[in-house]
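Working notes for the structure below.
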Amino acid sequence: MKQRNLVLFGVSAIIATALACSSANPATPVAPTASGPAAATDGSTLKASAPALQSPANGTKLTSQTVVLTAGASTPQFLTGVPLQYRFQVMNSAGTIVDQALISTTTWTVTAKLADNATHTWRVRAEYLGEAGPWSNTLSFVTVDPAIINDPLTNGTTVGTRIGGAFVSGGWQSRSLTDGIDYDVPTCVSCRLEFDVTGVGPAEGYPFERDLKFVSMGDRNAFGSFGVFRDHPWKMHLVQRADYPSGWEIIWRNGGTNPDGDPGDHRIKLTSSPVQMQSSQVFHFLLDWGTRGYSIAVNGITVMQDGWDHWYEPPNFRVSLGCYPRGDSFVGAIYSNVTLKKTNQ
């Protein structure tokens, strides 16, 4: 009898405890949080390694207009086989993003037109389902210089071959009738030649009884003597006339020597023009030629132009400041900022 009463008492105690618990006020439920992964100190939210940048190497001067960037793969910290994507960014020298892409490979070809001959930086990070890993380190590259010739002449040196003259403040100075700088470059059917000149007044050749030349072009094999240069079929020179204060002349042969032919001499002689040289001023020369002809402008004013049907394409192409084969270079002229670039004329 005593054993039966103990069991009943135990059961009653259990029931009483259960009832007491069921009658208490229920606890208030806590809403689940929906926040994503906590960000690391660098702002990344994806547990993955930063990609290692591979090419171009830091500070590389590119040789092509096409910019291809390559990085190593990122490694996830906890999982394998995750289909990561990679965000590439390219910044200009001011730090502004000029192009970017999110792709599934670690090699990307930049699609934007980047500034020529300019320093850019780039970086890469891995991304997955909207979460981003840490950025790689940042490397730099310099875009290609499209100029066939790029010669400031203000830094005490030249990329061409100097024949006499001297470097002075402001550029290279021709100091005799036979001074010059030669640039031997690939033949260019459509090009723009630019340069600056100071120290030239009107009719500079009058004391020498010569028409002096600002620039000459042609086959470099013809530059060895007066007669060969004078008679060869690709001769070009831009002339300041000695007999007129604002007179100009151009002879531009496109493959022949016929005075009235094409190919032949494309010659213009002016006794006056809107441009009159002053030795205290800097004059900017711009010579354009292409498949349809040529034009010459000084300080933005077109001085001479002509058309042709045969292209100007001398073999062994040479551009030369002055005209030393004829002894017709300026004495005292200071040249600077010489560039030659291809165009699409």
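The values are calculated or read from the model by the stated rules, or taken from the named source; none is laboratory data. As the structure is a computational prediction, the values presented were derived from the model and not from experiment. All Cβ positions, even for glycine, are placed from backbone atoms using ideal geometry, and neighbour counts span all protein chains on display. The accessibility values were calculated without ligands, DNA or RNA, using every heavy atom of the protein model including side chains. Shrake-Rupley method; radii C 1.70, N 1.55, O 1.52, S 1.80 Å.
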Completion exercise
Burial-style ranking of 79-91, 165-177, average other-beta-carbon count within 10 Å with highest first, yields 165-177, 79-91
Practice task
Starting from the Cα gyration tensor of region 163-276, take the square roots of the eigenvalues, sort them a ≥ b ≥ c, and report rounded, prolate or oblate (rounded when a/c is under 1.5, otherwise prolate if a/b is larger than b/c, else oblate).
Solution key: oblate
Exercise for the section: Could you list which residues have their amide H under 5 Å from that of residue 215, counting only those 5 or more apart in sequence or on another chain, with H placed in the peptide plane? Expected result: 238, 322
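Order the peptides 248-260, 274-286 from the highest to the lowest mean number of other Cβ atoms within 10 Å of their residues.
The most tightly packed comes first, giving 248-260, 274-286.
With the cut-off at 1.5 for a/c, could you classify region 91-146 from its C-alpha gyration tensor as rounded, prolate or oblate? Don't skip to the end; give the middle numbers.
Numbers: a/c = 2.49, a/b = 1.92, b/c = 1.30.
It comes out prolate by the Cα gyration axes.
Among DSSP beta bridges lying fully in the chain, give the percent that are antiparallel, nearest 5.
Among the beta bridges of the chain, antiparallel pairing accounts for roughly 95 percent.
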Handout entry: Pairs beyond 27 Å (Cα-Cα), from 113/235; 113/341; 113/213; 235/341; 47/113
Key = 113/235; 113/213; 47/113
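Quick one: net charge of residue 295's neighbours, Cβ under 11 Å, K/R +1, D/E -1?
Residues near residue 295 contribute 0 overall.
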Handout entry: Positive-end residue of 108, 195, 132, charge dipole of the chain with Cβ unit charges
Key = 132
Completion exercise
Mean accessible area per residue over region 198-314 (1.4 angstrom probe, all protein chains present, square angstrom) is 44
Exercise for the section: Rank-order 57-69, 134-146 by packing density, defined as the average count of other C-beta atoms within 10 Å over each peptide's residues, highest first. Expected result: 134-146, 57-69
Fill in the blank from the handout: Ratio for region 58-188, C-alpha Rg to 2.2 N^0.38 Å, reads 1.58
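Less than 10 Å Cβ to Cβ from residue 145, Lys/Arg counted +1 and Asp/Glu -1: what total charge do the surrounding residues give?
+1
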Practice task
Mark the label point 7 Å from the Cα of residue 103 along Cα→Cβ and return the residues of region 41-85 whose backbone N is within less than 12 Å of it.
Solution key: 67-71
Handout entry: Neighbourhood net charge (13 Å Cβ-Cβ; Lys/Arg +1, Asp/Glu -1) for residue 223
Key = +1
